[in-house]
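Novice: Let me give you the structure first, and then I'll get to my questions.
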Amino acid sequence: NAGVTQTPKFQVLKTGQSMTLQCAQDMNHNSMYWYRQDPGMGLRLIYYSASEGTTDKGEVPNGYNVSRLNKREFSLRLESAAPSQTSVYFCASKSPSTDTQYFGPGTRLTVL
Amino acid sequence: GQSLEQPSEVTAVEGAIVQINCTYQTSGFYGLSWYQQHDGGAPTFLSYNALDGLEETGRFSSFLSRSDSYGYLLLQELQMKDSASYFCAVRDSGNTPLVFGKGTRLSVIA
């Protein structure tokens, strides 16, 4: 039982490049989330998926797209990376029976 | 919308007790959670309060007063390993995402 996994762990992009951050969970959770974390800003929600086949915008969705590929996987895509998207990105899933969110280890992204 | 306020930094001595406060404003309320995050790590769940009162888990306790829109995390017998950031978070219904405060950085000193 690996919990929530994310790839890659680190990534450096040039402005304008695109990339997809991958997230998978093996806990059979319906709800999955993408957050970004910047110094002094806490965790801000980018997008979430309450169940397979649905996605919704969070607080800071601009510049991002998501895909809920199946119940296990929820990916985050940057179509044209900007320096303002330099951040640490966390994926999380939520247990339906408790209010606990489980976080992946994070992806540290730098956009030059 | 939702907003949460918590102190940005707290310093406490090893072995002492520290309380981290959180006030919130939400349109609905489904519970107050606390998460711990060590530098370079991911947030991990600590506690959850849906009803008024105190929840205790070992050295950590969490309190909620829904009428005051206020809660706190109490850490006892502080250890150096408790140095971390602590986030309060609220959800305004069972199906909506958690919204996090900006975090309190706790430094435990000898």
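The values are calculated or read from the model by the stated rules, or taken from the named source; none is laboratory data. Predicted, not measured: the structure shown is a model, and the values here were computed from it. Note that we place each Cβ from the backbone using ideal geometry, even for glycine, and neighbour counts take in every protein chain shown. Just so you know, the surface numbers come from the protein's heavy atoms only, side chains and all, with ligands and any DNA or RNA stripped out. Shrake-Rupley method; radii C 1.70, N 1.55, O 1.52, S 1.80 Å.
Novice: Kindly indicate whether A:Ser51 is among the polar types (S, T, N, Q) and either touching a strand residue (DSSP E or B) at 6+ places or on another chain (Cβ under 6 Å) or surrounded by 17 or more Cβ atoms within 10 Å (Cβ to Cβ) (or both).
Specialist: no
Novice: Now, a different point. Mind checking which residues of the stretch B:45-85 are within 12 Å of chain A (Cβ to nearest Cβ), under 30 Å from A:Thr107 (Cα atoms) and open to solvent by 30 Å² or more (accessible area, probe 1.4 Å)?
Specialist: B:Phe45, B:Leu46, B:Tyr48
Novice: If you don't mind, another one. Filter the stretch A:78-88 for residues that are out of contact with any Leu (no Cβ under 9 Å at 6 or more places or on another chain) and open to solvent by 60 Å² or more (accessible area, probe 1.4 Å) and give the result.
Specialist: Initially, the stretch A:78-88 is screened for residues out of contact with any Leu (no Cβ under 9 Å at 6 or more places or on another chain), giving A:79-80, A:82, A:84.
Matches in the stretch A:78-88: A:Glu79, A:Ser80, A:Ser84.
Novice: Would you point out the residue of the stretch A:67-77, among those that are assigned to a strand (DSSP E or B) and open to solvent by 30 Å² or more (accessible area, probe 1.4 Å), that is farthest from A:Pro8 (Cα to Cα)? Before you say what the answer is, go through the steps one by one.
Specialist: As a first pass, look at the stretch A:67-77 and keep what is assigned to a strand (DSSP E or B): A:67-68, A:73-77.
Right, trim to open to solvent by 30 Å² or more (accessible area, probe 1.4 Å) and you get A:67, A:73, A:77.
Numbers: A:Ser67: 17, A:Glu73: 14, A:Arg77: 13 Å.
So, considering only residues that are assigned to a strand (DSSP E or B) and open to solvent by 30 Å² or more (accessible area, probe 1.4 Å), the one farthest from A:Pro8 (Cα to Cα) is A:Ser67.
Novice: OK, next. Report, by residue number, each residue of the stretch B:1-23 that is closer than 16 Å to A:Met41 by Cα and open to solvent by less than 40 Å² (accessible area, probe 1.4 Å).
Specialist: From the stretch B:1-23, those closer than 16 Å to A:Met41 by Cα are B:2-9, B:22; that's our starting set.
Scanning the stretch B:1-23 gives B:Leu4, B:Gln6, B:Cys22.
Novice: Specify the residue that is farthest from the other protein chains (Cβ to nearest Cβ); the eligible residues are those in the stretch A:14-31 that are in contact with a Lys or Arg (Cβ under 7 Å, 6 or more places away or on another chain) and not in a loop (DSSP other than H, G, I, E, B).
Specialist: A:Thr20
Novice: So, one more: Residue under question is B:Ala42, and the condition is that it be open to solvent by less than 10 Å² (accessible area, probe 1.4 Å) and under 28 Å from A:Tyr47 (Cα atoms); does it hold?
Specialist: Working: open to solvent by less than 10 Å² (accessible area, probe 1.4 Å): no; under 28 Å from A:Tyr47 (Cα atoms): yes.
When the stated conditions are applied, B:Ala42 does not pass them.
Novice: Go through (1) closer than 19 Å to A:Gly58 by Cβ; (2) surrounded by fewer than 20 Cβ atoms within 10 Å (Cβ to Cβ) and name the single condition B:Ser33 misses.
Specialist: (2)
Novice: If you don't mind, there's one more thing I want to ask. Here is a list: B:Thr11, B:Thr23. Which entry is in a strand (DSSP E or B), at pLDDT 95 or above, β-branched (Val, Ile, Thr) and within 15 Å of the chain's Cα centre (by Cα)?
Specialist: On the way: B:Thr11 fails: within 15 Å of the chain's Cα centre (by Cα).
Sole residue among the options that is in a strand (DSSP E or B), at pLDDT 95 or above, β-branched (Val, Ile, Thr) and within 15 Å of the chain's Cα centre (by Cα): B:Thr23.
Novice: Now, a different point. Give me a count of the residues in the stretch A:89-112 that are open to solvent by less than 50 Å² (accessible area, probe 1.4 Å) and part of a strand (DSSP E or B). If you could, list the steps in order and put the result at the bottom.
Specialist: The initial filter retains those residues of the stretch A:89-112 that are open to solvent by less than 50 Å² (accessible area, probe 1.4 Å), namely A:89-95, A:99-101, A:103-104, A:106-107, A:109, A:111.
Remaining after also requiring part of a strand (DSSP E or B): A:89-94, A:101, A:103, A:107, A:109, A:111.
Residues that pass the stated criteria total 11.
Novice: Then there's this: Return the residues of the stretch A:58-84 that are touching a residue at least 40 places away in the same chain (Cβ under 8 Å) and under 20 Å from A:Pro39 (Cα atoms); say none if nothing qualifies. Lay out the reasoning, then the answer.
Specialist: Kept after step one, since they are touching a residue at least 40 places away in the same chain (Cβ under 8 Å), are these residues of the stretch A:58-84: A:71-83.
Across the stretch A:58-84, the qualifying residues are A:Ala81, A:Ala82, A:Pro83.
Novice: In the stretch B:86-110, how many residues are free of Cβ contacts under 8 Å to residues at least 12 places away in the same chain and open to solvent by 40 Å² or more (accessible area, probe 1.4 Å)?
Specialist: Going residue by residue through the stretch B:86-110, those that are free of Cβ contacts under 8 Å to residues at least 12 places away in the same chain are B:95, B:97.
Pick out the ones that are also open to solvent by 40 Å² or more (accessible area, probe 1.4 Å) and you get B:95.
So the count comes out to 1.
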